[in-house]
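Shown next, in structure tokens, is the structure this report addresses.
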Amino acid sequence: MITGKERFQRFLGGIVFDRAYKYIKKDPSGNIVKLIDFGQKLMGSNFPVKNYDAFRNAVRDPENVWNKFALSVIRECDGDYLKKMLLALGIGAGINGTKTVRANREKYKCNIPFLILFDPTSACNMKCKGCWSAEYGHKSNLSLDEMRSIVSQGTKLGTHVYMLTGGEPLIRKDDIFTLCEENPNCMFLCYTNATLIDDAFCLKMKELGNLTVAVSIEGNEQSNDERRGSGAYSKSMAAIDLLRSHGLIFGISVCYTSENIPYVTSDEFMDLMVDKGVRFAFYFNYMPVGKSAVPSLIPKPDQRAFMYLWLKKVRNSKTGKPLFFMDFQDDAEYVGGCIAGGRNYFHINSEGDMEPCVFIHFADSNIRKNTLLEGLKNPLFMAYYHNQPFNDNHLRPCPMLENPEYIKKIIADTKAASTDLVEKESAEELAAKTEKFAEEWAPVADKLWKENRHPNPKTQYYRDTPEAKSHK
Ligand code: SF4
């Protein structure tokens, strides 16, 4: 629910956006430079002069990847949709959310997340290879009131970003629209197979402004349909074309495996996504979760090293692609390691279990019995709080994939129960599937870590309370 103060902030923010947007639209490159000049006069020495110069140079260079990205968004996306999204992200999550999250971290001495991922349903209308949803023997759901409660408790804690997965979340699209309508100060993102996206869905997305989607896709038609089933690729492409025709901001989500890395990192794939108007690409390392997982699909150490260096290349302002890339494994250095256990996020499954991460199917709290804050303060999430980061080398961030000794210890210490909806799995069984990879990856990751420059930890959005910093 939105407060009076937020309503006023959004009103003012809307006026500023409308004026700036109209001005920029007249002459994008020229007027962005003028706005930077104006910002420099206004903000004075708050930021180094070289930052303003770097922005100006980027805008003046037609070949700069980020310039191309910004201009294409301004040219092709719906202005009103863009405004509502920026208000939710900028004022809701950015200004008010960040402040509240930080204050609550200090107040409660536990992790408070920036985003919460939850599953409206375990039901899915597809059966992708290696996806645990495909194996669910029964279907379970969070009720609309339970989802409302997650968002209302979350916003009080400062959390203003909600990602929805499943199952296929769009099976519950009407309830998702209700959540978006009731919470214009929050941003919602659905990971979807896109089969339920039609004209009416796009029109509603445009009207709401605080909803986006990440379409699951894995390379070209052959590599995609190999895992997701015949015809999946063409359906995803049709949905992407529709989203673009409505001027929406949307992205893709890619699970990379030892088998599909050449496809999902190819120029052909990325250029096609850019041409199709995709704005962001979220990459996920395959995780061998569940008893039917296929450990041989975990990318090999040389493939992980390739992914790390590939990311640097595709984000480079000269050699990259005009697309916002994020890799949830190899980008850990930007957020100080593992973000789970509520440090930046946690997951709630369709049975209400509060899991530290979408890939860690264990819990000692459930939203049907506990408040979110109780769950964050219960032993499992506190074990994350006290042990993060799990490794000083952020190329080895995960307590399951790269440091499996941690997942065994945490589960043994906290007595958290398996929440796997198909077949219970012990921490030992889970760790047994990653130990070989962890051992082989360690020397490669350590060498890569030494050879490359890393972001300044002071700029990382995490763990900024003095109390938290004292825990190593
Ligand atoms: S538990 Fe592993 S997969 Fe989940 S956020 Fe942490 S590092 Fe990433």
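A short reminder: the numbers here are calculations on the coordinates, not readings from a lab. Only a predicted model underlies this, so the values are computations on that prediction, with no experimental measurement involved. Note that we place each Cβ from the backbone using ideal geometry, even for glycine, and neighbour counts take in every protein chain shown.
General remarks:
- Whichever aspartates and glutamates have a C-alpha closer than 20 Å to that of K424, once near sequence neighbours (fewer than 8 apart) are set aside: D119, E135, E351, D353, E355, D364, E405, D413, E435
- Theoretical ellipticity at 222 nm over the chain - DSSP helices of four or more residues, -39500 (n - 2.57) apiece, nearest 500: -14000 deg cm²/dmol
- Mean Cβ count within 10 Å, highest first, over the residues of peptides 47-56, 208-217: 208-217, 47-56
- Those lysines that a straight Cα-Cα span of less than 17 Å connects to K109, excepting residues fewer than 8 apart in one chain: K99, K156, K377, K469, K472
- Cross-link partners of K318 among lysines (Cα-Cα below 20 Å; sequence separation of 8 or more within a chain): K50, K68
- The stretch 4-84 - percent relative contact order, Cα under 8 Å, separation 6 or more: 34
- Pairs with C-alpha atoms separated by more than 31 Å, drawn from the list K107/K409; K5/K321; K83/K321; K139/K300; K84/K139; K107/K450, are K5/K321; K139/K300; K84/K139; K107/K450.
- Under 5 Å, built H, 5+ apart or other chain: amide partners of Y256: F284, N285, Y286
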